[in-house]
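Everything on this sheet refers to the single structure shown next.
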Amino acid sequence: MYSDADAAALYDLVNPWDPGTYRGDAFHHELVMAAASVLDVGCGTGSMLAYAREHGHRGRLVGLDPDRAALDRARRRTDIEWLQATAAEADARTGCGFDLAVMTGHAFQVLVTDEDLRASLTAIHAALAPGGRFAFETRHPQARAWRDWIPANAGDVVDAAGRTLRTWHDVESVEAGVVTFTETTADQDGTVLRVDRARLRFLDVPPLHRFLADAGFTVEAQYGDWQRGPITPASREIVTIARR
């Protein structure tokens, strides 16, 4: 079996945080370094905040995630606050007054139901100081990114233990903007080690604006790519900065 701890370590290998290489990482890093205090909602293994601390951030940094295995890796860094909680618990667990809240890695899309979206946005709004900003991205539904989540696009990686692994995705359903899929991790000989099932919501711009407005946010800026270009019929991303 491939444990939750193994999976968390593999995530860091497959998804390294590197603003020098990845434009999305650079976009968020610039915002983080300019903010006096930052709440990372869905922080995972904590790479973003650890990178910010290593590169000179001296303010309050708090990472929030419901995944214990991911937080166990994050907690190797003791100069950052790490809390096991959901987005809907943000203000209750962290307190208020943050200058910036972020959700990176398309984590916003795990908020699948209307109820979860409303509760999470309300809590993030409450955790911010007046004028504080919330930055996140969600895949634009028009691009239909899930069409590429097929076994033919499997990827190989060597994990921290030196094992060569293959991971691939299978889409189970696409219903009312929610994509249900599995991620399979297998050994080099094809032996399946684990299968994880997930659901992601693909929100278009108008409903996204309504959810943000209902939570008390004003959309300050919205982009269709990481170069701050406008949203167009070809955009694959909806990158949003909303203000309390």
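Protein-only accessible surface at a 1.4 angstrom probe places the residues 232, 167 in the order 232, 167, largest first.
Using a cut-off of 13 Å between beta-carbons, work out the net charge of the residues near residue 68 (Lys and Arg +1, Asp and Glu -1, residue 68 not included). Let's see the in-between values first.
Details: positive: 73, 75; negative: 4, 65, 67, 72.
Summing Lys/Arg as +1 and Asp/Glu as -1 gives -2.
Ranked from the most accessible area to the least, with a 1.4 Å probe and all protein chains present, what is the order of 2, 11?
11, 2
Relative to the Cα centre, the charge distribution of the chain, modelled as +1 at Lys and Arg Cβ and -1 at Asp and Glu Cβ, gives a dipole magnitude of about 540 debye. Positive-end ranking of 151, 192, 232 along the dipole of the stretch 129-244, with charges on Cβ about the Cα centre, is headed by 232.
Charged side chains reduced to their Cβ positions (Lys and Arg at +1, Asp and Glu at -1) give the stretch 19-123 a dipole of some 380 debye around its Cα centre.
Judged by the ratio a/c of the largest to the smallest principal axis of the C-alpha gyration tensor, the stretch 120-244 counts as prolate, that ratio being 1.5 or greater while a/b is larger than b/c.
Against the criterion of solvent-accessible heavy-atom surface with a 1.4 angstrom probe, 140, 55 sort, most first, into 55, 140.
Using 0.36 nm per residue, how much length does the chain from residue 157 to residue 210 gain when fully extended, once their Cα-Cα distance is taken away?
Gain on stretching residue 157 to residue 210: 15.0 nm.
Backbone N atoms of the stretch 92-107 closer than 13 Å to the 7 Å Cα→Cβ label point of residue 55 are not found in any residue. Using a ≥ b ≥ c from the Cα gyration tensor of the stretch 5-120 (square roots of the eigenvalues), is it rounded, prolate or oblate, where a/c under 1.5 gives rounded and otherwise the larger of a/b and b/c decides, a/b for prolate? It comes out rounded by the Cα gyration axes. Put a dot 7 Å past the Cα of residue 13, heading toward its Cβ, do the same for residue 76, and the two dots end up 1.3 nm apart.
Computed about the Cα centre, the dipole magnitude for the stretch 139-184 is approximately 140 debye when only Lys and Arg (+1) and Asp and Glu (-1) carry charge, each at its Cβ. At an R0 of 22 angstrom, the distance between the Cβ atoms of residue 144 and residue 187 translates into a FRET efficiency of 0.10.
Span-like helix criteria (full DSSP H runs; alpha carbon extent of at least 18 Å along the helix axis; mean Kyte-Doolittle hydropathy of at least 0.5) are satisfied in the chain by no helix. Rounded, prolate or oblate: which fits the stretch 47-184, taking a ≥ b ≥ c as square roots of the Cα gyration tensor eigenvalues, rounded meaning a/c under 1.5, else prolate when a/b beats b/c? Oblate shape, in that a/c is at least 1.5 and b/c is the bigger or equal ratio.
Based on protein heavy atoms only, the stretch 157-244 ends up with 53 Å² per residue of surface accessible to a 1.4 Å probe. Using a probe radius of 1.4 angstrom, the carbon and sulfur fraction of the accessible surface of the stretch 10-153 is 49%. Comparing 104, 47, 24 along the charge dipole axis of the stretch 1-115, the residue lying farthest to the positive side is 47, per the Cβ-charge model. Dividing the summed helix terms, -39500 (n - 2.57) for each DSSP H run of n ≥ 4, by the number of residues in the chain produces a 222 nm estimate of -8000 deg cm²/dmol to the nearest 500.
The values are calculated or read from the model by the stated rules, or taken from the named source; none is laboratory data. This one's a predicted model, so the numbers in the text were calculated from it and none came from an experiment. As a convention, Cβ positions derive from the backbone with ideal geometry for all residues, glycine included, and neighbour counts pool all protein chains shown. When the accessible area is computed, the model is the full protein with side chains, heavy atoms only, and any ligands, DNA or RNA have been set aside. Shrake-Rupley method; radii C 1.70, N 1.55, O 1.52, S 1.80 Å.
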